[in-house]
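Asks: Have a look at this one before I ask anything.
The values are calculated or read from the model by the stated rules, or taken from the named source; none is laboratory data. Computed from a predicted model, the values in this text were never measured in an experiment. Here the Cβ positions follow ideal geometry from the backbone for every residue, glycine too, while neighbour counts run over all protein chains shown. Protein only, heavy atoms only, side chains kept; ligands, DNA and RNA dropped before computing areas. Shrake-Rupley method; radii C 1.70, N 1.55, O 1.52, S 1.80 Å.
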Amino acid sequence: MANYYDIDDILIEEEFVPVLFHKPANGVTIDPSAETNCVEQGAKVELPFWLAHELHLRQAVSVTLPACFDQKTRLEIQADAACVDLRSRCPYFYEFGCKLQPLVTDRTLGILLSTAFKLRYKERLTKVYTAAHITASKFLPLLTKEETNLYEAAHLSMTAFKKWRTGGPRFQRASILGRKRKESY
Amino acid sequence: MAGQTDPHISLFSPQEVEFMAEDELVQIVPNMNMEPLNFISGDFGRFVPQIPIEVPLWLAVALKRRGKCTFRPPGWLSVDNLTQILEAERESQSTFQALPFSYVEIARLLFDHARDDIPDMYMVRSLVEDIRDVRLHKLETNLGSFQGTSAVKISNVSAMEVNLVRPFVRRALEAFYKHDKPEADADRDTRSSRQPREANNEPRRPLRQR
Amino acid sequence: MASNSDLGSADFETLASTSDVELLKRAWRNEKAAPEILPYEAALIERAKGQIELVEENIEDYVENGIDPLVVSLYQMDLDRTQFLLRSYLRVRLLKIEKFMFHNLKSEEAESRLSEQEKVFAKSCADDLAKHFEESVLLKLPENYQSVLKQSLISEVDDMVPQPHLDTFVVCRSKNFVSLNLYEEGESPETVEMERGDLYFIRYKIVKGAIESGKIDLI
């Protein structure tokens, strides 16, 4: 679906992805290590996702997994998913991974994302309503954007509820509403 | 302004949930005479001293605040009933006891405006708080057992409780749903929006500098 | 008016005459909870407006005739409540129209959900926005990229048009027994069966049809 204006989507597509060029490309300066403004066939370059995607569709490059999904991260997730600092790997860990999935040959990416999310969700996020904010603040910096959104949703909802419970004037009548309208709506 | 709850956080504010609950009927005993009221929302009355009558909660509160009636607390709001419910809530980790859908809102309005009409008010209030607490913890625990389903049944959860967990649960369920069918969706998207293209001959333009 | 059971909420309508306020409340709630704009309840809104105007006049009369201020204030309260529902309903719809401006004007079906006034509003919003984009950005781009709806002429769909997320999860309650397909045509034929009064968190797409036909309510 068109996420054209969605800021998060735009940021996700800015993330860099390593690609391997199948064909040479002329007249572009995208490989900082190249001397000329050409890219040779077989060269490995890091490109932003949006560009890598387009080139992949035109079969000009093949895409490999970026560092944030490397073996080290996978091992850490297997060991103790809830404690891994995913945000420093990539703040959009899950969304980025989902976008990459159809482009790479690695079929285990999907399972990795799904497992990591489920484990972290169960460990961390299911305690948001009753846990004090202090306990939460320890693991908040480790959360990806998506996980943070989840946490915020619960936290704000709880805050609003507590505010309601303590009472206070509810709806205030806007002063303009006191006058009768002559014309119809 | 009407309709201005931030839609990104919560669909309904607690105040709006309370607003909806105020249409629930409660029993009052008027202490004055009044002609029937023909509201847009319904007809009520006539009001005769000492004769109990059912009216919407908002009307009851308005009359009570002006000293025109007393409340007859609903049957479920008694020490005996609530104690039973609290025990039953504590016993089961997965089921919720049947309570009025708007029990949180009704209880709060009555405590705020009609405390003298509720026998053992402090005890009753403390029981309601405890029940709410136990149920919230239970909801939280149940949140941990979501899988990638398309539908989750939540029996006997009340209006305010649903509203409280809704923003979180919606996002969580969406995330689970997305993660459990990522390949199918991604394939459909790439196929429908773009076909693999040949290199075309559009005028070249410089790439963004990094 | 509403059912009298202890556990009942005002929504379980088994009586033949559901008051307009009840219907308005239902329409408001559904509209607030749904990710897309729902068909406009023209008849209901007309009746509600009529009743509101009538009561407004009555209240003026009461005040002039020195009716008990208590009674007047109670009528005013009832009026305020109804007006809140009406205004909020219209405002929520306007928010959705603004959010999905181009989408709502794209198809006959989408446009038919709007009232006449909303159509005018949507059209003028869309025109303003398109004009703004054109003047500030689009006309300065190469010819193939000047559309407000498509990123370039070779895009097959209108990929610049935000659309409502129909896969959002909503909370709903069924009025009667209902059995729904959980998945699309051609996928696994799992169904969910809802008894009267059950509450469900469910994907909006699944219950969309049932809501429009009035069998299910959003909470």
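Asks: So if we plug the beta-carbon distance of C:Asp61 and A:Glu123 into 1/(1 + (r/R0)^6) with R0 = 60 Å, what FRET efficiency do we get, rounded to 0.05?
Replies: With R0 = 60 Å, the Cβ-Cβ based efficiency is 0.40.
Asks: Please arrange A:Arg107, C:Arg93 by accessible surface area, largest first, computed with a 1.4 Å probe and ligands excluded.
Replies: Solvent-accessible surface, decreasing: A:Arg107, C:Arg93.
Asks: Something else: Peptide A:118-127: average number of partner chain Cβ atoms within 10 Å per residue?
Replies: 4
Asks: Can you give the log10 of the normalised intensity I(q)/I(0) at q = 0.17 Å⁻¹, computed with Debye over equal Cα scatterers of chain C?
Replies: Scattering profile of chain C, log10 relative to I(0): -1.24.
Asks: Moving to a separate point now. Is there a simple number for the mean count of other chain Cβ atoms within 10 Å of the Cβ of residues in C:159-166, and what is it?
Replies: Numbers: counts 6, 3, 4, 6, 3, 1, 3, 1.
For peptide C:159-166, the averaged partner shielding equals 3.
Asks: Distance cut-off 28 Å, Cα to Cα: go down the list A:Lys138/A:Lys163; A:Lys99/C:Lys119; B:Lys153/C:Lys106 and report the pairs above it.
Replies: A:Lys99/C:Lys119; B:Lys153/C:Lys106
Asks: In terms of solvent-accessible area of protein heavy atoms at a 1.4 angstrom probe, what is the ranking of A:Lys138, C:Lys208, highest value first?
Replies: The ordering from most to least exposed comes out as A:Lys138, C:Lys208.
Asks: On to the next question. Averaged over peptide C:63-75, how many Cβ atoms belonging to another chain are found within 10 Å of each residue's Cβ?
Replies: Working: counts 0, 0, 0, 0, 1, 2, 0, 6, 3, 0, 2, 10, 4.
Mean inter-chain Cβ contacts per residue within 10 Å come to 2.
Asks: Next question. On alpha carbon coordinates alone, what is the Rg over Rh value for the stretch A:69-165, Rh being the Kirkwood radius?
Replies: 1.04
Asks: Sticking with this one: With N denoting the number of residues in the stretch B:62-182, provide Rg(C-alpha) divided by 2.2 N^0.38 Å, to two decimal places.
Replies: 1.30
Asks: Beyond 16 Å, what share of the Cα-Cα pairs of the stretch C:169-218 remains, rounded to the nearest whole percent?
Replies: More than 16 Å apart: 30 percent of the Cα pairs in the stretch C:169-218.
Asks: Give the Kirkwood hydrodynamic radius (Å, one decimal) of the stretch C:4-99, defined as one over the mean of 1/r across all pairs of different Cα atoms.
Replies: 15.1 Å
Asks: Per Stokes-Einstein, at 10 °C and 1.306 mPa s, what whole-number D in µm² s⁻¹ belongs to the stretch B:33-100, with the Kirkwood radius over Cα pairs as the hydrodynamic radius? Working shown, then result.
Replies: Details: Rh = 14.7 Å.
D, rounded to a whole number, is 108 µm²/s.
Asks: Follow-up. Return the tail of the calculated pair distribution for the stretch B:1-126, meaning the percent of Cα-Cα pairs more than 24 Å apart.
Replies: 39 percent
Asks: Moving to a separate point now. Got the relative contact order for chain C handy, in percent, Cα pairs under 8 Å and 6 or more residues apart? List each step's numbers first, then the result.
Replies: Details: 248 pairs, mean separation 40.3, N = 219.
This gives 18 percent for chain C.
Asks: Any idea what the relative contact order of the stretch C:169-218 is, in percent, if you count C-alpha pairs under 8 Å spaced at least 6 apart?
Replies: 49 percent
Asks: In addition: Over the stretch C:100-161, what number does the Rg to Rh ratio reach, with both radii from the alpha-carbon atoms and Rh per Kirkwood?
Replies: Values: Rg = 12.8 Å, Rh = 12.5 Å.
Ratio of gyration radius to Kirkwood radius for the stretch C:100-161: 1.03.
Asks: Among C:129-138, B:28-37, how do they line up by average Cβ neighbours within 10 Å per residue, starting with the highest?
Replies: My ranking of the peptides, most packed first, is B:28-37, C:129-138.
Asks: Students often get this wrong: which residues of the stretch C:76-111 have the backbone nitrogen under 16 Å from the point 7 angstrom along Cα-to-C-beta of B:Arg66?
Replies: Counting backbone N atoms under 16 Å from the label point, the list is C:76-81.
Asks: Ok, one more. Applying the Karplus parametrisation 6.51 cos²θ - 1.76 cosθ + 1.60 with θ = phi - 60° to the phi angles of the stretch A:121-126, what ³J(HN,Hα) value in whole Hz is obtained for each residue in order, glycine and proline being reported as x?
Replies: 4, 5, 6, 9, 7, 7
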